[in-house]
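Each remark here refers to the structure printed beneath this line.
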Amino acid sequence: NAGVTQTPKFRILKIGQSMTLQCTQDMNHNYMYWYRQDPGMGLKLIYYSVGAGITDKGEVPNGYNVSRSTTEDFPLRLELAAPSQTSVYFCASRLTGTGISYGYTFGSGTRLTVV
Amino acid sequence: EDKVVQSPLSLVVHEGDTVTLNCSYEVTNFRSLLWYKQEKKAPTFLFMLTSSGIEKKSGRLSSILDKKELFSILNITATQTGDSAVYLCAAIPEGGNTPLVFGKGTRLSVIA
């Protein structure tokens, strides 16, 4: 059982480049999330999804896009990378339902540097 | 606006000390509270607290929730250098449609 898998683990981008951070989970969790964590700071929610085909903005969505075509995958797209997007990105998933509201399972993170 | 506030933001202690980390919350339709430990990578789950006044324990770590006063504490006794980490507190709203609300974390440094 792999849990939540994020790729790549590290990436350096030049300003203006684009990339997709991949996230996949094999636990059949309905909810998935993308957070960024800047050095010494807490987690900030970028986007989340409550199920395939449904996404919603979080606290800091500007500069990012997401899609959720399957339950398992929730990729995060950066279109025009900026230095302000240098951060560690965490994907997480969660099982919720009537009477169920478990905590998150986190991926291991992607460290992105934009230069 | 829902919020979770942790204190202190950082703490330095010596090995063997006992520490108490605080977490207060203001969350609409609060259901449960989570504690995570984050070392260099992803946060790892420590405790989920749903009922008030019931202590959860795991080795030297323990935690309790007070739903009347809207706070939780995480205690670590006989601290070790391996306890050095950021400890995150997060609130789960009822219903599950709303994402968890995270605090900024407490950075604990345990020195030998």
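The values are calculated or read from the model by the stated rules, or taken from the named source; none is laboratory data. These numbers come from a predicted model, not from an experiment. Cβ: placed from backbone, ideal geometry, glycine included. Neighbour counts: every protein chain shown. Heavy atoms of the whole protein, side chains included, go into the accessibility calculation; ligands, DNA and RNA do not. Shrake-Rupley method; radii C 1.70, N 1.55, O 1.52, S 1.80 Å.
Some observations on this one:
- Within the listed set B:Gly59, B:Gly82, B:Gly16, the residue fluctuating most in the Gaussian network model of chain B (springs between alpha-carbon atoms under 10 angstrom) is B:Gly59.
- Around the amide H of B:Gly105, modelled in the peptide plane, lie the amide H atoms of B:Gln6, B:Cys89, all under 5 Å away and 5 or more residues distant in sequence or on another chain.
- Per residue accessible area in Å² of chain A, where ligands, DNA and RNA are left out and the probe is 1.4 Å: 46 Å²
- Antiparallel DSSP beta bridges within the protein assembly as shown, as percent of all bridges there, nearest 5: 90 percent
- Beta bridge orientation in the stretch B:3-111: antiparallel %, DSSP, nearest 5: 90 percent
- Over the stretch B:1-82, accessible surface divided per residue gives 56 Å², non-protein components excluded, 1.4 Å probe.
- Average partner coverage of A:42-53, which counts Cβ from other chains inside 10 Å: 3
- Charge context of A:Thr5, other residues only, Cβ under 12 angstrom, K/R +1, D/E -1: -2
- Inter-label distance for A:Asp26 and B:Asp2, nm, one decimal - labels placed 7 Å from Cα along Cα-to-Cβ: 3.1 nm
- Summed residue charge, Cβ within 9 Å of B:Ser62's Cβ, Lys/Arg positive, Asp/Glu negative: +2
- Amide H contacts of B:Asp17 (H built 1.01 Å from N, in plane; Pro and chain starts excluded): B:Thr79 sit under 5 Å, all sequence-distant by 5 or more or on other chains.
- The protein assembly as shown, accessible surface, carbon-and-sulfur percent (1.4 angstrom probe): 52 percent
- Take the accessible area of B alone and of A alone, subtract that of the pair with a 1.4 Å probe, and the total buried over both chains is about 1600 Å².
- Other residues with beta-carbon under 9 Å from the beta-carbon of A:Ser18 carry, at +1 per Lys or Arg and -1 per Asp or Glu, a net charge of 0.
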